[in-house]
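Inspection log for the structure reproduced underneath, given as structure tokens.
The values are calculated or read from the model by the stated rules, or taken from the named source; none is laboratory data. Small disclaimer: the values here were computed from a predicted structure and weren't measured. Here the Cβ positions follow ideal geometry from the backbone for every residue, glycine too, while neighbour counts run over all protein chains shown.
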Protein chains: 2
Amino acid sequence: MRFKRSERIVYMTQYLMNHPNELVPLTFFVQKFRQAKSSISEDVQIIRDTFQKEGLGVVKTVAGASGGVMYKPEMGKEEAREVIEEVIELLQEKDRLLPGGYLFLSDLMGNPTLLNKIGKLIATLYAEEDLDAVVTIATKGISLANAVASALNLPVVVIRKDNKVTEGSTVSINYVSGSSRKIETMVLSKRTLPEGSNVLVVDDFMRAGGSINGVMNLMNEFKATVKGVSVLVESKEVKQRLIEDYTSLVRLSDVDEYNQEFTVEKGNSLDKFSQKER
Amino acid sequence: MRFKRSERIVYMTQYLMNHPNELVPLTFFVQKFRQAKSSISEDVQIIRDTFQKEGLGVVKTVAGASGGVMYKPEMGKEEAREVIEEVIELLQEKDRLLPGGYLFLSDLMGNPTLLNKIGKLIATLYAEEDLDAVVTIATKGISLANAVASALNLPVVVIRKDNKVTEGSTVSINYVSGSSRKIETMVLSKRTLPEGSNVLVVDDFMRAGGSINGVMNLMNEFKATVKGVSVLVESKEVKQRLIEDYTSLVRLSDVDEYNQEFTVEKGNSLDKFSQKER
């Protein structure tokens, strides 16, 4: 079966998109299409140039015997700004403020199209880190972590607040919830995270950072290095933040529960894009 | 800026893949590329034919003024068989059996590449249903539901077993867990699921079906119609199954906890593919 260039390009584009952050040897396509390596290289160049021109992510080519082509789902600053504005608009909808100054986020966390965009944004921020896993806390962080991990082609590790038989042997720590000052427990299945991993911590909402501080302690038990912390929403009104180095998509402030009023503005993620693009 | 056919094809392929199950009007591409509709139609045809020839999913064209092109991420029977065999192989690894006859699944549920394939498989089974949402139960079902919903371009609705302030107003039901015969509670945030929705229920593990039966009752409260139930693993050794109509990827049997032995075989999902292809 012979393939025309246009057909090869359709196939290769979809293949790269389905295998993000994976180095695909050119010989894979050479064998698939029974075509000279030079033609395949030209195909790759067309794909790379179009992705670059249209800001669709990075198609990297690595030369040499162990070389190949890799698609990194990265996002440009303009698109990141649009995603953040979309999130701000959604969060400003009526009746989103819950008792205790929480925001209702379950609908956002259940929207795969939006999550894929947010995942790509966060993946871009940490694309240069040598990560082994994306770590999150059950329940609401899971969908966000999936989206980030999917763009980075990494496993997701879910920390739970209860100990279930389905987790096998676990390591647990106690921590003080930053907001309620209550002592809570976090549990992680031993076999889900190899010792010494580099991890990115992702969650939907951060107030004082008690939960994420708990994650840090639990990561210590696994001898893991936390290479970054990223949250969808951070609450600005915190007396003492337990976590210093993190990125947030948006920032919540001026919460007035009585009148159901609050402000949502962009977080520090966009600044990171500026640094990236200099 | 002029675009060559090969560049247009790269862009259109990635665009369709990023917008599954969404009808994209041809005029969108006509305007983007400033190209005659006839050329764009030819581009679409090349993409459609390549996807079909290579079993990459369905690219549907809808003629007429409100027409356009739509990518449906469907899977052929052969690929489905490979995915199921991959799952069986992973599940047969040592030390996967947990006390009580459960299987350790957290690593599979944290593997985005595998989940995307499983999600596409389950999406294919229910592609013809007129679905509004994918419903699952926290915690481990969430990643699987995300993968299915991403392929179907649908929202995910997460039922919890605890009532959290972050869910807003909720509806809850009590149900009897099929295995432990304990009474448990299920909670769903009112605003995550509009009344009268058509839903697909997805979960990672089903034994007697008590949880899923609970989901059915909760769906009644939301006047929802359950169009299908799909699980990754079903346990075969059940005296009385509470759910009759479901699909499973794999089936667990001959569980011998003492010797850490069990059998995993393919579930009934593959038979459904046979019916589809006839």
ask   = Restricted to the stretch A:149-166, and to residues that are in contact with a Pro (Cβ under 9 Å, 6 or more places away or on another chain) and in a loop (DSSP other than H, G, I, E, B), which residue is farthest from A:Leu16 (Cα to Cα)?
value = A:Pro155
key: Verdict on B:Leu97 being under 28 Å from B:Lys161 (Cα atoms) and modelled with pLDDT under 95   = yes
request  = Look at the stretch A:227-267 and say how many of its residues are in contact (Cβ under 8 Å) with a residue 40 or more places away in the chain and of a type in the set (Val, Ile, Thr).
outcome  = 6
query = What is the one condition in (1) farther than 30 Å from B:Asp256 by Cβ; (2) more than 10 Å from chain A (Cβ to nearest Cβ); (3) among the β-branched types (Val, Ile, Thr); (4) within 10 Å of the chain's Cα centre (by Cα) that B:Ile173 does not satisfy?
reply = (4)
ask   = Which members of the stretch A:16-59 meet the condition of being touching a strand residue (DSSP E or B) at 6+ places or on another chain (Cβ under 9 Å), charged (D, E, K, R) and buried (at least 16 other Cβ atoms within 10 Å of the Cβ)?
value = A:Arg48
task = Give me a count of the residues in the stretch B:4-52 that are in contact with a Leu (Cβ under 8 Å, 6 or more places away or on another chain), in contact (Cβ under 8 Å) with a residue 12 or more places away in the chain and either within 11 Å of chain A (Cβ to nearest Cβ) or hydrophobic (A, V, I, L, M, F, W, C) (or both).
result = 7
key: Only one of A:Lys182, A:Lys272, A:Lys266, A:Lys236 that is within 25 Å of A:Lys94 (Cβ to Cβ), of a type in the set (Lys, Arg) and at pLDDT below 95   = A:Lys236
key: Residues satisfying the stated conditions in the stretch A:189-224, i.e. without any contact (Cβ under 8 Å) to a residue 40 or more places away in the chain and touching a helix residue (DSSP H, G or I) at 6+ places or on another chain (Cβ under 8 Å)   = A:Ser189, A:Arg191, A:Thr192
message = So, in the stretch B:225-256, how many residues would count as being charged (D, E, K, R) and either farther than 22 Å from B:Gly210 by Cα or within 15 Å of the chain's Cα centre (by Cα) (or both)?
response = 2
note = Residues of the stretch B:120-158 being touching a helix residue (DSSP H, G or I) at 6+ places or on another chain (Cβ under 6 Å), without any contact (Cβ under 8 Å) to a residue 60 or more places away in the chain and more than 10 Å from chain A (Cβ to nearest Cβ), in sequence order, are B:Ala123
query = What single numbered condition from (1) under 17 Å from the mean Cα position of the chain (by Cα); (2) in contact (Cβ under 8 Å) with a residue 40 or more places away in the chain fails to hold for A:Lys94?
reply = (1)
ask   = What single numbered condition from (1) at pLDDT 95 or above; (2) crowded, with 21+ Cβ neighbours inside 10 Å; (3) within 11 Å of another protein chain (Cβ to nearest Cβ); (4) closer than 30 Å to B:Ser197 by Cβ fails to hold for B:Leu114?
value = (2)
query = When you look at B:Leu131, is it outside any helix (DSSP H, G or I), modelled with pLDDT of 95 or more and under 14 Å from the mean Cα position of the chain (by Cα), yes or no?
reply = yes
